[in-house]
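Visitor: One structure, pasted below without further comment.
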Amino acid sequence: MNYDFSYRFPIHGACEVTMTSVLGHLTGIDFPPPFQWGKCVPGRLFDADIVEKVLKQDVYDNIANEAAKAQLLMIWTDCDREGEYIGYEIYTAARKGNHSLEIAAIWRSKFSHLERNHVIAAANNPIGLDMKSVEAVACRQEVDFRVGTSFTRLLTDGLRQHKIIEQKEVASYGTCQFPTLGFIVDRYRRVKSFIPEQFWYLAVEVKHEGVAASFSWVTGHLFDRLYVLILYQQCLEHDQGTITKLDLKRTTNWRPLPLTTVELQKDCSRLFKMSAKNSLAAAEKLYNKGFLSYPRTETDSFPASMDFSGTLQKQAQDSRWGLYASGLVQNGFQTPRNGKYDDKAHPAIHPVNYVDISSLSSPDERKVYEYVVRRFLACCSKDAVGQQTTATLKWGDQFFTASGLVVLEKNYLDIYTYKKWETTKQLPNLTEGQTISISSGRMKDGKTSPPKHMTEPELIALMDANGIGTDATIADHIEKVLSRGYIMKQKQASVEYIIPSDLGMGLIEGLDAMGFDNISLSKPFMRKQLEELLQEIVVGTKTKPEVLGDIKHIYRQAYAVTSRNMAALARSCTDIMART
DNA sequence: GCAAGGTC
C-alpha cells in the first residue's frame, strides 16, 4: 500500500511524499547452483560465491517503481542494527528503479516510537544511513549462513551414512541452535551427575506469651557433623537465650519494570504454561488488531512523552480492572520506573487500545492481554510497603534469626495478581536484651538436593543473558531444536521440563570430545565473540573482511576436525542410545 | 532439505 501526501521538510521545503512499507528483510543470501546441497563438498561453502536473492518480490518491485519518480529517499525502519540493514536493502531496491539515487540522497529518520511530536521531530531532523552497522549485519549474515549450511550438510550426510538419523531427517547446526541445546545438555548432566551431600544444622524454637517462633541458624548448615555436634553441646549448656537485636524495618516491594518480550515470555511460561512461541504469537495477534504496542522489544522503559493518563483511561471501562485504572487517573499515578535496557527502536510493551477480553476467542490472547494490562497498571502504581521485624537470638555462642512481615500497603499488588507478597506469621512481642527460655533446640540434618531440569523460562533467561538469539528469535530457536528432535519437553507434576534426546546428547558430547583448538561448537562463547566483533565493526575499530577472515578461519579448522572425526561423533550418539 | 534475522 502506498500513501501520497504533502509535507514541508525544513531541509527541502514542500515535498510531494509517497510513503510505503516493508515487512522485515527484503533480501537474503544464497549460494549459486554449483554450491547447492550435493553439488559440492560442504567444506567449500566457507569460500563459495554468495548471491543475493529477493525474498519479497512484490514489495521490492513496488519500491523500485515508486523510486523511479523520486528525487529523495527517506528510510523509516527500526533504529537498530538490523533496521539499518533493511534500510540499505530498501536503498538497493530503490536504486534498481532509479540509478540517480546516490547514497548521499538518502535520509534516515531516527525514531523509537510513534508519538506525534517525536515522529515530526524525526522527519525534520534526518541523518544518513550508518554504513558501519550495515556492514556488521552483512557480516553476521554471512557467518551464520556459511557456518550453518556447511556444518548442517556435514552432520546430516555423516549421520545418515552411519544410520544415526533417517534418510529424510536433517541434523542441522546453527550458531544459536547449538548453544541453546548446549544449555539443556549442560543442565541435564549436572542433574544426572549430582551426588547429594549430608549436612547438619541447628534449629531453635522459643515461646513468649504463648506465641511461638522458629529461629534459623545464621551459619546456615555445615558438612562436618562432629563440628556441629560440638557447637550444639556448647549451646546445650544454656537453657536460656538472649534477644540481642530487634530490627524493625520498613521494606518496599517494588512494582515491576515496563515489559520486554523476554519478560513476557518468561512470565507466560511460568504463569500460564504457554510456550515462548505461543505467547509471542498471541501478543503479535493482539498487536495486529491494534490492542497492544509492538511486542518485540528489549526496552524496559517508556518514552518521557508517553500519554500515561490517556492509556490508563482507556482501561477504565473494564469490569475487572476498570475501577483500579480510573482510580489511578483520578488520584494520581506513578510514572513507571525506567529499566536499563533500550533497543532504541521500540518502547516497552503496553496496551494501546481497550478490548473486552471476553470478546477474544483465543484463550492465549485473553491471558496475554490481561497480563499486559495488569502489568502496565502495576507499572503506574505505587510500590507495596511492608514492615519487617527481624529478631536475633543468641544461644550459647551461636546466633539465630527469625523474621515476620506485615504488609501495610498492597498498592500495585492489588492489581498485579500474579505476584504474592503476604503477611507472615507474626513474631512474639520480644524486646531487645530480653532473656528467653529455649523451648526446643535441636541439631538436625539434611541433604543437598540436585538441581532441577531446565524449564523454558530458565532457558529463555540463559539465552538472553548470553546473547543467543534476539527478542524476536529466542522462541524460534527453542522450537527449532525441538523440531530437530534434539530436545524433548517432559511434564513432571504440572511443571514442564526440557531435557535432551539421545541424539541431542550424543551430538553435544561428541562435539565436546573432539578437542577443537580455540572454539566450542556447543557453548555460547563464539556467538558472544561474534557479537563483540560486530560491535567493533559498528564503532569502526575493525572491518567486515577482517572479522569474516578471522571467524571463518576458526570455524574452518573446527570443520576439518569434525569432518575427520565423523565416525567418532556417530559412535558418541550410539553410545548414548545404548546407555539409556 | 541447510542459518539467523527481520516480519505476517
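The values are calculated or read from the model by the stated rules, or taken from the named source; none is laboratory data. Predicted, not measured: the structure shown is a model, and the values here were computed from it. Cβ: placed from backbone, ideal geometry, glycine included. Neighbour counts: every protein chain shown. Note: accessible area is taken over every heavy atom of the protein model, side chains too, but ligands, DNA and RNA are not part of it. Shrake-Rupley method; radii C 1.70, N 1.55, O 1.52, S 1.80 Å.
Visitor: Counting each pair of different Cα atoms once, what's the Kirkwood radius of segment A:1-110 in Å, rounded to one decimal?
Guide: This gives a value of 15.7 Å.
Visitor: Sticking with this structure for a sec: Enumerate the calculated ³J(HN,Hα) couplings along segment A:50-57 in order (Karplus 6.51 cos²θ - 1.76 cosθ + 1.60, θ = phi - 60°), each rounded to whole Hz, writing x wherever the residue is Gly or Pro.
Guide: Working through the residues one at a time gives 10, 10, 8, 10, 7, 8, 10, 4 Hz.
Visitor: Also, quick follow-up: On C-alpha positions alone, give me the angle between the axis of helix A:276-288 and the longest principal axis of chain A, in degrees, nearest 10.
Guide: 60 degrees
Visitor: Can you pull the percent of segment A:419-539's accessible area that's carbon plus sulfur, 1.4 Å probe, other chains left in place?
Guide: 49 percent
Visitor: Average the reciprocal distances over every distinct pair of alpha-carbons in segment A:472-515, invert the result, and give the Kirkwood radius in Å.
Guide: One decimal place: 11.6 Å for the Kirkwood radius.
Visitor: Next question, about the same structure. If you plug each phi of segment A:513-524 into the Karplus form 6.51 cos²θ - 1.76 cosθ + 1.60 with θ = phi - 60°, what whole-Hz ³J(HN,Hα) values come out, in order, with x for Gly and Pro?
Guide: Once rounded to whole Hz, the list reads 7, 6, x, 6, 5, 9, 7, 10, 7, 10, 10, x.
Visitor: Still on this structure: Compute, for residue A:37, the solvent-accessible surface of its heavy atoms (probe 1.4 Å) with the complete set of protein chains present, and express it in square angstrom to the nearest 10.
Guide: Here the residue's solvent-accessible area equals roughly 110 Å².
Visitor: Something else about it: Could you check the spin-label model distance between residue A:61 and residue A:127? Points 7 Å from the Cα along Cα→Cβ, value in nm.
Guide: 3.6 nm
Visitor: Oh, and also: Given only helices, namely DSSP H runs of n ≥ 4 each adding -39500 (n - 2.57), what is the per-residue ellipticity at 222 nm of chain A, to the nearest 500 deg cm²/dmol?
Guide: Calculated from helices alone, the mean residue ellipticity at 222 nm is -13000 deg cm²/dmol.
Visitor: If you don't mind, there's one more thing I want to ask. Per residue, how much space in cubic angstrom lies within the convex hull of the C-alpha atoms of chain A?
Guide: Each residue corresponds to 216 Å³ of Cα convex hull volume.
Visitor: Among the trypsin sites (Lys or Arg not before Pro) in segment A:24-91, which ones are in a DSSP loop with at most 10 other Cβ atoms within 10 Å of the Cβ? Mind listing them?
Guide: Taking segment A:24-91 and a limit of 10 other Cβ atoms within 10 Å, the loop trypsin sites (Lys or Arg not before Pro) found are A:69.
Visitor: Can you list, bin by bin at 5 Å, the percent of alpha carbon pairs in segment A:237-360, starting at 0?
Guide: Answer for segment A:237-360: a P(r) of 2, 9, 14, 18, 20, 13, 6, 3, 3, 3, 3, 3, 2, 1, 0 percent.
Visitor: Hey, if you put +1 on the Cβ of every Lys and Arg and -1 on every Asp and Glu Cβ in chain A, which of A:105, A:75, A:14 ends up farthest toward the positive end of that dipole?
Guide: Checked the options; the winner is A:75.
Visitor: Moving on to the next point. Roughly how many Å is it from the Cα centre of segment A:235-292 to that of segment A:144-179, as a whole number?
Guide: 39 Å
Visitor: Leaving out ligands, DNA and RNA, what percent of the accessible area of segment A:146-267 is carbon and sulfur, probe 1.4 Å?
Guide: C and S atoms contribute 50 percent here.
Visitor: Multiply the residue separation of residue A:273 and residue A:216 by 0.36 nm, subtract the distance between their alpha-carbon atoms, and state the gained length in nm to one decimal.
Guide: 17.1 nm
Visitor: May I pose another question? Could you grab the relative contact order for chain A? Cα pairs under 8 Å, six or more apart, rounded to a whole percent.
Guide: Once divided by the residue count of chain A, the mean separation gives 18 percent.
Visitor: Next question. Before anything else, pin down the relative contact order of segment A:3-128: Cα pairs under 8 Å, at least 6 apart, normalised by residue count, whole percent.
Guide: 21 percent
Visitor: Considering only protein heavy atoms, what per residue accessible area in square angstrom results for chain A with a 1.4 angstrom probe?
Guide: Accessible area per residue: 49 Å².
Visitor: Okay, next question. What do you reckon, how do A:25, A:346, A:99, A:12 stack up by accessible area (1.4 Å probe), largest on top?
Guide: A:99, A:12, A:25, A:346
Visitor: Can you tell which of A:306, A:286, A:329 lies farthest toward the positive end of the dipole of segment A:277-379, using +1 and -1 charges on the Cβ of basic and acidic side chains (Lys, Arg; Asp, Glu)?
Guide: A:286
Visitor: Okay, next question. Going down the list A:340/A:452; A:110/A:266; A:266/A:528; A:207/A:419, which pairs span over 27 Å between their C-alpha atoms?
Guide: Violating the 27 Å Cα-Cα cut-off are A:340/A:452; A:110/A:266; A:207/A:419.
Visitor: Next question. For segment A:332-382 and segment A:529-580, what is the separation of their Cα centres, given in Å?
Guide: Taking the Cα centre of segment A:529-580 as reference, the centre of segment A:332-382 is 40 Å away.
Visitor: In whole percent, and with a 1.4 Å probe on the protein chains, what portion of the accessible area of segment A:3-128 is carbon and sulfur?
Guide: Answer for segment A:3-128 is 56 percent, counting heavy atoms of protein chains only.
Visitor: Show A:272, A:525 ordered by accessible area, largest first, where the area counts protein heavy atoms only and the probe is 1.4 Å.
Guide: A:525, A:272
Visitor: If you place +1 on the Cβ of every Lys and Arg and -1 on the Cβ of every Asp and Glu, how big does the dipole about the Cα centre of chain A come out, in debye to the nearest 20?
Guide: 940 debye
Visitor: When averaged across all projection directions, what area in nm² does the alpha-carbon convex hull of segment A:137-208 cover?
Guide: Taking the Cα atoms of segment A:137-208, their convex hull projects to 11.4 nm² on average.
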